[in-house]
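Take a look at the structure set out below.
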Amino acid sequence: MEYTIYMDESNDEGAYFGNFYGGALIRSTDIDKVTESIKALKSELNCLGEVKWGKVTLNYLEKYIALMDYFFTLIEQDIVKIRIMFTQNYRQPTNLSLDQRAKEYELLYYQFFKHAFGLKYCNPNSFLPVKLRIYFDELPVSKQKASDFKDFITNIPNTRDFSMANIKINKEDVTEVRSHNHEIMQLMDIVLGSMYFKLNNLHLVKPEGQRLRGKKTIAKEKLYKYINSRIRGIYPGFNVGVSTGITDLADRWNHPYRHWLFIPSEFRIMPEYSKKQKNSGPISPTSMA
């Protein structure tokens with residue numbers, strides 16, 4: 001078995017939430033069929049070029065809803081798995097060294113990849129190896145930092161947590177790509193962007209000096225609400241701002257869609273970023289181990 005994982009992130013820090021990371025996982029045998037079907041739908045909708053959250057307008061709203069309708073059908077059928085991770089500005093980590101603060105982007109990205117999909121539960125019949133192919137959207141770090149980061153990703157199957165999973169990641173299969181060339185990554189970007197938009201209350205923003213919200217903001221809110229309704233079709237009690245619950249550890253792999261509110265193990269409360277949320281279990285990005 002081989003899986004392909006598309007990874008993307010947003011460097012933007014919102015008023016309440018930041019460090020947004022997104023991942024889409026698909027069986028490698030399904031990629032060509034799914035990619036061609038998305039291309040065909042885009043052509044039918046006359047969506048030329050790359051689709052992304054930043055391009056959502058009222059004129060294109062119905063087209064983007066149609067794309068999300070198809071994408072969430074794939075998710076409901078477990079053809080594509082989606083994971084979203086983010087941090088809350090209300091909780092500022094206090095246990096990081098200067099080096100860890102300098103590498104916060106890579107450390108969080110590493111934790112997201114390692115844990116969000118529940119990969120160590122993906123191979124219960126571990127006598128048969130599972131191969132992973134990983135496509136990162138272009139990493140906004142130096143070439144050396146990107147190379148070091150990909151080395152850490154490649155080494156994950158050798159860590160203690162994965163000793164029984166029989167997962168293989170070859171160095172040549174961890175690559176950077178442009179989302180423009182990958183339809184699945186583009187649709188994931190729309191979901192990721194919608195979560196950043198909602199969690200940072202951007203649906204409430206009005207142009208300076210205006211009494212009403214802008215048309216683009218209204219369009220994005222409508223698209224977010226549609227996406228949220230499809231997630232609630234999977235999880236009726238879904239809460240966008242907290243980690244998706246589990247009844248068994250393997251749910252981290254089995255679930256088709258999950259959110260992860262990453263909470264550091266040690267933090268201080270920053271009341272100026274207050275926004276009422278529930279807690280989620282802590283994992284600290286203290287090392288790439």
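Please treat every number below as a calculation from the coordinates, not as lab data. Quantities reported herein were computed from a predicted structural model and do not represent experimental measurements. Please note: Cβ atoms are built from the backbone with ideal geometry, for glycine as well, and neighbour counts cover all protein chains shown.
Points worth noting:
- Farthest positive-ward along segment 111-170 dipole, Cα basis, beta-carbon charges - from Phe152, Ser163, Leu119: Ser163
- Sum of side-chain charges, His115 neighbourhood, beta-carbon under 10 Å (Lys, Arg +1; Asp, Glu -1): +3
- Between segment 127-187 and segment 1-78, the alpha-carbon center distance in angstrom: 19 Å
- Candidate lysines - alpha carbon under 19 Å from Lys33, same-chain residues fewer than 8 apart omitted: Lys42, Lys81
- When the C-alpha to C-alpha distance is required to be over 29 Å, the pairs from Lys114/Lys143; Lys52/Lys120; Lys39/Lys222; Lys120/Lys225; Lys114/Lys145 that qualify are Lys52/Lys120; Lys120/Lys225.
- Over segment 113-182: Rg over Rh, Cα atoms, Kirkwood Rh: 1.00
- Sites listed here are GluC sites (Glu not before Pro) in segment 96-205 whose DSSP assignment is loop and whose Cβ has at most 15 other Cβ atoms within 10 Å: Glu138.
- Charge context of Glu172, other residues only, Cβ under 11 angstrom, K/R +1, D/E -1: +2
- Placing unit charges on the Cβ atoms only, positive for Lys and Arg and negative for Asp and Glu, gives segment 2-273 a dipole magnitude near 600 debye about its Cα centre.
- Segment 2-273: relative contact order in percent, alpha carbon pairs under 8 Å with at least 6 residues between: 32 percent
- Among Asp248, Asp161, the order by Cβ neighbours within 10 angstrom, fewest to most, reads Asp248, Asp161.
- Residues with amide H under 5 Å from that of Tyr257, placed H, sequence gap 5 or more: Ile82
- Trypsin sites (Lys or Arg not before Pro), loop per DSSP, at most 10 other Cβ atoms within 10 Å - longest free stretch of the chain: 1-210
- Of the residues Asn181, Thr73, Leu128, the one whose Cα sits farthest towards the positive end of the charge dipole of the chain is Thr73 (charges of +1 on Lys and Arg Cβ, -1 on Asp and Glu Cβ, taken about the Cα centre).
- Close amide H contacts of Gly14 (hydrogens built in the peptide plane, cut-off under 5 Å, sequence separation of 5 or more or a different chain): Asn19.
- Local electrostatic count, Ile75, Cβ distance below 14 Å [Lys/Arg +1, Asp/Glu -1]: +2
- Alpha-carbon Rg/Rh ratio, for the chain, with Rh computed the Kirkwood way: 0.95
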